[in-house]
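Novice: Before we start, here is the structure in question, set down as structure tokens.
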Amino acid sequence: MIPDSAWASFTPCMRQYWKIKQFNLEKILLFKLGKFYEIFYHDAILCQKVLDLNWMGGAKKLHVGFPEKALDKYLAVLVARGFKVAVVE
């Protein structure tokens with residue numbers, strides 16, 4: 001559950017992300033922004049290790065991502081490893 005006070009501090013993008021993620025906690029959320037799929041928080045920690053992605057903004061931000069053209073490649077790896085994945089366009 002996300003406290004009401006936290007919602008007020010989120011950017012519009014993060015509000016949309018958390019509205020979806022809060023009902024899909026068991027899934028890795030690949031959140032499309034522009035021509036990239038962005039991965040945040042705990043999903044980012046997992047995907048950084050499994051997919052060997054670079055931290056965006058350094059390891060201090062829990063945020064990784066990849067270009068949209070790599071979706072099939074990375075999605076196949078995650079599913080083959082037994083993860084549930086939700087792709088948000």
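Novice: With respect to the numbered conditions (1) surrounded by fewer than 14 Cβ atoms within 10 Å (Cβ to Cβ); (2) within 12 Å of Val88 (Cβ to Cβ); (3) not hydroxyl-bearing (Ser, Thr, Tyr), which one is the sole condition not fulfilled by Lys21?
Specialist: Going through the list (1) surrounded by fewer than 14 Cβ atoms within 10 Å (Cβ to Cβ); (2) within 12 Å of Val88 (Cβ to Cβ); (3) not hydroxyl-bearing (Ser, Thr, Tyr), Lys21 breaks only (1).
Novice: Is it fair to say Glu89 is open to solvent by 40 Å² or more (accessible area, probe 1.4 Å), out of contact with any strand residue (DSSP E or B) (no Cβ under 8 Å at 6 or more places or on another chain) and touching a residue at least 40 places away in the same chain (Cβ under 8 Å)?
Specialist: Judged against the criteria, Glu89 is not a match.
Novice: Kindly list the number of the only condition in (1) open to solvent by 40 Å² or more (accessible area, probe 1.4 Å); (2) touching a Pro at 6+ places or on another chain (Cβ under 9 Å) that fails for Tyr37.
Specialist: Only one criterion in (1) open to solvent by 40 Å² or more (accessible area, probe 1.4 Å); (2) touching a Pro at 6+ places or on another chain (Cβ under 9 Å) is unmet by Tyr37, namely (1).
Novice: For region 13-33, does any single residue satisfy the condition of being assigned to a loop (DSSP other than H, G, I, E, B) and more than 16 Å from Val85 (Cα to Cα)?
Specialist: To start, the set of residues in region 13-33 that are assigned to a loop (DSSP other than H, G, I, E, B) comprises 22-27.
Retained after the next criterion (residues that are more than 16 Å from Val85 (Cα to Cα)): none.
Within region 13-33, none of the residues are assigned to a loop (DSSP other than H, G, I, E, B) and more than 16 Å from Val85 (Cα to Cα).
Novice: Just to be sure I understand, how many residues within region 1-49 are hydroxyl-bearing (Ser, Thr, Tyr) and under 18 Å from Lys60 (Cα atoms)? Walk me through how you get there before you give the answer.
Specialist: So the first thing to find is which residues in region 1-49 are hydroxyl-bearing (Ser, Thr, Tyr), and the list is 5, 9, 11, 17, 37, 41.
Okay, now just the ones that are also under 18 Å from Lys60 (Cα atoms), so 41.
So the answer is 1.
Novice: To continue, here is another question. Please find, among Lys49, Lys60, the residue that is open to solvent by 30 Å² or more (accessible area, probe 1.4 Å), farther than 16 Å from Ala86 by Cβ and in a helix (DSSP H, G or I).
Specialist: Every option except Lys49 fails the conditions.
The values are calculated or read from the model by the stated rules, or taken from the named source; none is laboratory data. Since we're looking at a predicted model, the values are computed, not measured. Methodologically, a virtual Cβ is constructed for each residue, glycine included, from the backbone with ideal geometry; neighbour enumeration extends over all protein chains shown. Keep in mind that these areas ignore ligands, DNA and RNA; they rest on the heavy atoms of the full protein, side chains included. Shrake-Rupley method; radii C 1.70, N 1.55, O 1.52, S 1.80 Å.
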